[in-house]
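Working notes for the structure below.
The values are calculated or read from the model by the stated rules, or taken from the named source; none is laboratory data. Here the structure is a predicted model, which is why all the values come from computation and not from measurement. Virtual Cβ from ideal backbone geometry, glycine too; neighbours counted across all protein chains shown.
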Amino acid sequence: MNKKIIKLIGFASLLLTAPFAEAHTGLAQHSFQSGLLHPMLGLDHLLATMAVGIWAAKMGGKVRWSMPLLFIALLTVAAIWSQGLASVLAVENSIAVSLLLLGLFIVFSIKLPATIGMIIVGLFAIFHGVAHGTEWPAVVTPFWYVSGFVFTTASLQVVGVMAATYGADRAQVLIRLSGMLIASAGGWILLTN
């Protein structure tokens, strides 16, 4: 991996972990920082977001960036739409299935037609968005909170795309290993729900 990519990944990591250093954590509950943290506090959301970026990069072409953009757009719309509503039945199982399938797509380097891949990722985004919307605190300012989780989601997807696109051949083994871990997490969630 070249030095620019390593620096970019390091910088993105600093941006994403900076909110953890907040000494006055009570202040972050109604803010941009709370939204920044939300996608990273749930392992299922963190893994799914990274998986979309990795799989999009493995699909290649225009899908490399359009798939993550679609995921972010539908996730945001679903989160805003579902904010404050009771949990929809089967959302957790749907999220687990998304992890299982995305992980397997990465492990086996599955390339679907772009339209089919976009539809699949779009559905996954809706389920993740509903979960985000039903989990955020009712007292939070929606604009700043949503801006925070959109920023984190986009950053995680950029890291996933960059890692899968510019990784050396030996890094592809790590990419497949990450796919196995993501699929395993999805399977575990399905078994324990």
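Name the residue, out of Ser109, Ser98, that is within 23 Å of Val173 (Cα to Cα) and within 12 Å of the chain's Cα centre (by Cα). Explain how you work it out, then say what you get.
Numbers: Ser109 fails: within 12 Å of the chain's Cα centre (by Cα).
Just a single option satisfies the conditions, and that option is Ser98.
Would you please name the residue that is farthest from the chain's Cα centre (by Cα), looking only at residues in segment 115-164 that are among the polar types (S, T, N, Q) and at pLDDT below 85? I'd like the intermediate steps shown before the answer.
We begin by selecting, within segment 115-164, every residue among the polar types (S, T, N, Q); these are 115, 134, 141, 147, 152-153, 155, 157.
Filter once more, keeping what is at pLDDT below 85: 134, 141.
Details: Thr134: 17, Thr141: 22 Å.
The qualifying residue farthest from the chain's Cα centre (by Cα) is Thr141.
As a summary of the residue check, Val173 satisfies the conditions (1) more than 17 Å from the chain's Cα centre (by Cα); (2) closer than 22 Å to Leu41 by Cβ except for the one numbered (2). Applying the set (1) crowded, with 19+ Cβ neighbours inside 10 Å; (2) modelled with pLDDT of 95 or more; (3) closer than 25 Å to Ser184 by Cβ to Met40 leaves exactly one unmet item: (2).
Search segment 165-193 for residues being touching a helix residue (DSSP H, G or I) at 6+ places or on another chain (Cβ under 8 Å) and of a type in the set (Ser, Thr, Tyr), and hand back the single one that is modelled with the highest pLDDT. Only one residue fits best here, namely Ser184.
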